[in-house]
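All remarks here apply to the structure that follows.
The values are calculated or read from the model by the stated rules, or taken from the named source; none is laboratory data. Not measured: the values here are computed from a predicted model. So basically every Cβ, Gly included, is an ideal-geometry build from the backbone, and we count neighbours across all protein chains shown.
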Amino acid sequence: MKTKNAIPENRRNFWEANRASNGYLLKSVITQKVISFARALLLFGLCFMIIQPLLTRFGTSLMMEKDLYDSTVVLVPRNPTLDNYRIVFELTDFPRSMLNTLWTSLLVSVLQVVSCTLVGYGFARFDFPLKKLWFACVVALIIIPPQTIATALYMNFANFDILGVIKAIKGRTISLHGSIVPYAMMSLTCMGLKNGLYIYMLKQYFTGIPKSLEEAAYVDGCGTMHTFIKIMLPDAMPTITSCFLFSFVWQWTDLFYTRNFLSGMSIYSTQLSSIVSRMNRYFSSDASKPIIVPVGRQQQLISIGVLICCIPLVILYLFAQRTFVESIVMSGSKE
Amino acid sequence: MMTQKKIKSRPNHWGFRESILTFIPGTSVYKTMRAKNARKGVLFIMPLIIGFLVFMAKPLGESLLMSMSNVQMKAGEGYSRVFTGIANYQYAFSVDPYFNQRLVEEIGRMAVNAIATLVLSFVIAVILNQDFKGRALARAIFFLPVILSSGVLPGIESQNEFYNMMQGISDEIANASGINLSASLEELLSVSGIGSGVFDVLFTMIDAIYDIVMASGIQIIVFLSGLQAISPSLYEAADIEGCTAWESFWKITFPIVSPLLLVNCIYTIIDFFMKNDNRVMERINEVMYSQFRFGEAAAMSWIYFGVALLFISVSSFIITRGVRYYED
């Protein structure tokens, strides 16, 4: 009797409960603990692997130049400074290029997601002539790298014309270079970066939603568009959000389309790609005779540029993640 | 009964006459439900039709023509083109010293990496979908590869020739001094002599784990968004009926997410084929920009697309066998 009292209240209950369940409780608790430990180990390992290069970058970003050459300094700077950030801000034309990147990426990705959602729904739910051919085009969009058609597109936009209409009115073709118009047009017609993938994802998702949901809406007198907006869109929100995220991120870091279509604008990714040559000019006393900045220093400043590029995207992801979570409740209507 | 069967057997088929009449008002076909729906569908995919015709088809045709011609750049703008048939394709296969070999190598590497990427991303997505402390943080971290492997970022630090040289030297030093833990482990396991072929594959996967994780960012999110859409009540019902977690994984989770497996598989293959560090791509760029053999380079890239297409169709054929859609 006394020994039993020595065991704490909840513990005693646990053992008693365990005995009552013929050892099942203990077994399940142990399994659960082992599983969650293995999960934690795996996740920690993988997360560490992803994060470690970033941490190293962050550590070095705060170092003064002499710390870079000091082999006793590894991660934590001995002479911490924020001066490097100021230099990178100057080199990348910081507030202006960031704002430009923000609004162009936002515009482009919204246009892309809207058009891709429409097309994906069209493929998933309707039956029309040449459907297979058009879907093959979607696959082609995924497979064909944009590099192959870059030159032709460039020429196309230099002398832009829609079936000779503009030439007939104005007397000559117009050049659309350096403006966002061509790229916005391409985004609106699903020809942006990796749009084939979004169409595919959305199509797969819409196909997976039971038809009875829509049929119920039709029976209740909903039109096609209304059903699409009120029934299908909320259900597909997680997929749409992830498409938007991809589109935004890829646009944000994209160099290829930006170089081709937005060359006149100050965009962060292009600024980042040419940071080394600008750095060489920045550190020389005479702007016409660039010097070569030491490699360690170059790498340090590039890392800062990369970090600055990533931070807004991570923040965006944290916000978008909430939409993922909320959408579970909505898709509960699924059976 | 017979007629019903007939209709059901070819529900998606559109005859030529019917297709045309669908879009002409006043005809008998125009007013049918089927035609109405078809017009709605075409309206939905209109952006794609316009975009593809205007921005894709024409440049693509030019590229295909180029692959079958002898292309010479002219001093001014533009180029001259002489049709030569399949000569460029013959060049790619039988004359170019590197193309064949690299193509085969890359395909082998792709097969291993694609499978590893798919499995790893699926496992991680399932784990990230469970409930545990710090889930939001873990999800945010697994999103980082999407950012870090996109656009300007992956190449930017290795652009620097000098830096690469230094890195090569430091790797060599590390190998020579024997600090490499995984290498010594490899040695130990291969000496023990159990199925060395299996171990070899495993080792290449483990060595490439960073690349694999970096390449699986998108796949994780795609799987995760699919997993999130599964209603919890399904699991509840299964649990009440006495399903174990293992069973409900294979009976509920896997079938519902399997359509996304196809997307991910295709994406993984393409991503691998189009990567900047891919050696076939390197060769194509070399032929194009250093040797100025535009026609030959175009032919090589078409062969490359052909191979990619072949892989995609084979894998989607295999996967669609196992994919189940919701059917009422």
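Odds and ends about this structure:
- Filter result for B:SER248 (under 24 Å from A:THR207 (Cβ atoms) and more than 10 Å from chain A (Cβ to nearest Cβ)): yes
- The criterion of at least 3 residues that are within 24 Å of A:THR227 (Cβ to Cβ), more than 7 Å from chain A (Cβ to nearest Cβ) and at pLDDT 80 or above is met, among helices (runs of 4 or more DSSP H) falling completely within the stretch B:1-61, by B:33-44.
- Just one of (1) surrounded by fewer than 19 Cβ atoms within 10 Å (Cβ to Cβ); (2) in contact with a Lys or Arg (Cβ under 6 Å, 6 or more places away or on another chain); (3) aromatic (Phe, Trp, Tyr) fails for A:PHE94. It is (2).
- A residue that is within 11 Å of chain A (Cβ to nearest Cβ), over 14 Å from the mean Cα position of the chain (by Cα), among the polar types (S, T, N, Q) and buried (at least 22 other Cβ atoms within 10 Å of the Cβ) can be found somewhere in the stretch B:298-310.
- Some residue of the stretch A:170-181 being in a helix (DSSP H, G or I) and modelled with pLDDT under 75: yes
- Residue in the stretch A:192-235 that is modelled with the lowest pLDDT, counting only those that are basic (Lys, Arg) and assigned to a helix (DSSP H, G or I): A:LYS211
- When the helices (runs of 4 or more DSSP H) confined to the stretch B:242-292 are screened for residues that are surrounded by fewer than 20 Cβ atoms within 10 Å (Cβ to Cβ), of a type outside the set (Gly, Ala, Ser) and within 23 Å of the chain's Cα centre (by Cα), those reaching at least 1 such residues are found at B:254-274, B:279-289.
- Residue in the stretch A:129-146 that is surrounded by 15 or more Cβ atoms within 10 Å (Cβ to Cβ), at pLDDT below 85 and more than 8 Å from chain B (Cβ to nearest Cβ) present: yes
Table: residues versus (1) crowded, with 23+ Cβ neighbours inside 10 Å; (2) within 10 Å of another protein chain (Cβ to nearest Cβ); (3) not small (Gly, Ala, Ser).
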position	(1), (2), (3)
A:PHE246	yes, yes, yes
A:LEU255	no, yes, yes
A:LEU262	yes, no, yes
A:SER266	no, no, no
A:THR270	no, yes, yes
A:ILE292	no, yes, yes
